[in-house]
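Shown next, in structure tokens, is the structure this report addresses.
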Amino acid sequence: MGAAMQPSGNEISREAFAEVRRSGRANQQHRMVLEALRQHGPSTRGDLVEHTGLQIQTVCPRCHELLDRGEIEVVGTAGKPASQVLALKEEGGQ
């Protein structure tokens with residue numbers, strides 16, 4: 001008899017990611033990141049973890065999505081090792 005097939009880690013991650021998007025949690029998390037940047041100004045992802053209370057595993061993909069959508073931008077680096085500093089994209093800036 002063969003063992004039941006278990007999903008791979010990547011399959012679980014894709015499924016979990018899809019569930020977050022379907023549930024609307026991703027949009028809520030986007031808003032939390034954007035609000036933290038409005039309140040605190042330019043921040044690293046580590047700063048955003050502290051400001052939002054979200055975990056780093058949540059903050060990183062939300063920041064990536066916001067960067068892709070052009071809502072935030074990288075404005076520099078800070079610390080050693082260097083971490084990107086993110087900020088709200090200025091109106092009219094490209």
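Across region 73-84, not a single residue is classified as in contact with a helix residue (DSSP H, G or I) (Cβ under 9 Å, 6 or more places away or on another chain), buried (at least 18 other Cβ atoms within 10 Å of the Cβ), modelled with pLDDT of 95 or more and among the hydrophobic types (A, V, I, L, M, F, W, C).
Here is a check on your reading of the model: is Ala16 modelled with pLDDT under 90 and either of a type in the set (A, V, I, L, M, F, W, C) or in a strand (DSSP E or B) (or both)?
Working: modelled with pLDDT under 90: yes; either of a type in the set (A, V, I, L, M, F, W, C) or in a strand (DSSP E or B) (or both): yes.
Here the answer is yes, as Ala16 does meet what is asked.
Taking region 76-87, which residues are over 16 Å from Val49 (Cα atoms) and in contact with a strand residue (DSSP E or B) (Cβ under 8 Å, 6 or more places away or on another chain)? Selection gives Gly76, Thr77.
Would you confirm, using the coordinates I've provided, whether Leu67 is assigned to a strand (DSSP E or B) and under 13 Å from the mean Cα position of the chain (by Cα)? Answer is no for this residue.
The values are calculated or read from the model by the stated rules, or taken from the named source; none is laboratory data. This structure is a prediction, so every number in the text was calculated from the model and none was measured. Note that each Cβ is placed from the backbone with ideal geometry, even for glycine, and that neighbours are counted across all protein chains shown.
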